[in-house]
Amino acid sequence: MRDLEAEKRAAAVAAAALVTDGQRVGLGTGSTVAHFLPALAARGLTGLRCVATSVASEVQARALGIPVEPFGDLARLDVAVDGADQVTPDGWLVKGGGGAHVREKVVAAAADRFIVIAASDKPVDALAPPVPLELLTFGLAATLIELGDQTVVRAGAAVSPDGGVIADYHGPVGDPAALAARLDAVPGVIGHGLFPPALVADVVIARGDDVEHRRVRG
Ligand code: 5RP
């Protein structure tokens with residue numbers, strides 16, 4: 001039986017080893033990142049400047065002595081490390097299982113090197129629903145009609161820290177680029193959890209005792 005927590009930790013430790021003194025670091029969200037934060041703290045690096053994609057990651061990072069600042073003044077990040085819900089062989093991702101995908105995409109796009117960390121349950125041959133969405137509360141009913149009945153507001157989901165409503169698209173994914181363009185074209189959609197390979201520099205996947213490190217670009 002595979003030990004997913006041990007795999008998450010192994011991928012997290014491998015990614016932490018890629019961070020160096022003085023870097024500006026984006027901290028992702030989720031249970032894999034929850035292993036990355038102690039691994040990063042254990043490196044004892046100096047001069048880090050970090051931004052967090054969720055309150056949970058910010059609180060955990062601070063408790064570990066990792067400095068976190070608001071993401072307002074830093075124009076670029078050297079590196080961002082985050083988990084994913086699905087990863088294809090060519091580097092497409094679905095993210096947002098924790099509802100933080102909009103902040104996560106902003107951070108990934110601002111980073112020179114976006115590193116995805118995952119256990120062996122995340123690689124897929126092709127992306128499948130659900131695809132997380134964040135929707136404006138303004139005009140929410142109209143946006144949901146525009147998106148069609150394959151999109152539902154996530155049950156019990158909190159509003160995002162930026163006030164958006166978390167929902168999920170349950171229709172077919174097919175060509176992820178085409179679906180991403182369709183979702184981007186709906187005005188009330190703040191963002192979606194489809195991340196293209198152009199955003200992803202590295203994928204670090206742990207399988208048992210092996211850690212596979214794949215360069216997607218760069
Ligand atoms: C949160 C995310 C997470 O990175 C994704 O859901 C993976 O989480 P976990 O590491 O817990 O499996 O996108 O919005």
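Every number in this text was worked out from the coordinates using simple rules, so none of it is lab data. Predicted, not measured: the structure shown is a model, and the values here were computed from it. Every residue, glycine among them, receives a Cβ derived from its backbone with ideal geometry; neighbour counts consider all protein chains shown.
Just a few scattered comments:
- Between residue 155 and residue 74, full extension at 0.36 nm per residue minus the direct alpha carbon distance yields a gain of 25.7 nm.
- For the range 173-178, 3J(HN,Hα) per residue [Karplus equation, 6.51 cos²θ - 1.76 cosθ + 1.60, θ = phi - 60°, Hz, x = Gly/Pro]: 8, x, 6, x, 5, 5
- Straight-line cross-link reach from residue 105 at under 19 Å between alpha-carbon atoms covers these lysines, not counting any fewer than eight positions away in the same chain: 95, 122.
- Only Lys, Arg (+1) and Asp, Glu (-1) charged, at Cβ; the chain dipole about Cα centre in debye: 380
- Cβ crowding within 10 Å averaged over residues, with 138-151, 38-51 ranked highest first: 38-51, 138-151
- Only Lys, Arg (+1) and Asp, Glu (-1) charged, at Cβ; the range 143-218 dipole about Cα centre in debye: 140
- Share, in percent, of DSSP beta bridges within the chain that are antiparallel, nearest 5: 55
- Taking all Cα pairs closer than 8 Å and separated by 6 or more residues, the relative contact order of the range 114-171 comes to 42 percent.
- Taking θ as phi - 60° and the Karplus parameters 6.51, -1.76 and 1.60, the scalar couplings of the range 40-52 work out to 5, 4, 5, 5, x, 6, 10, x, 5, 10, 10, 10, 10 Hz in sequence order, x denoting glycine and proline.
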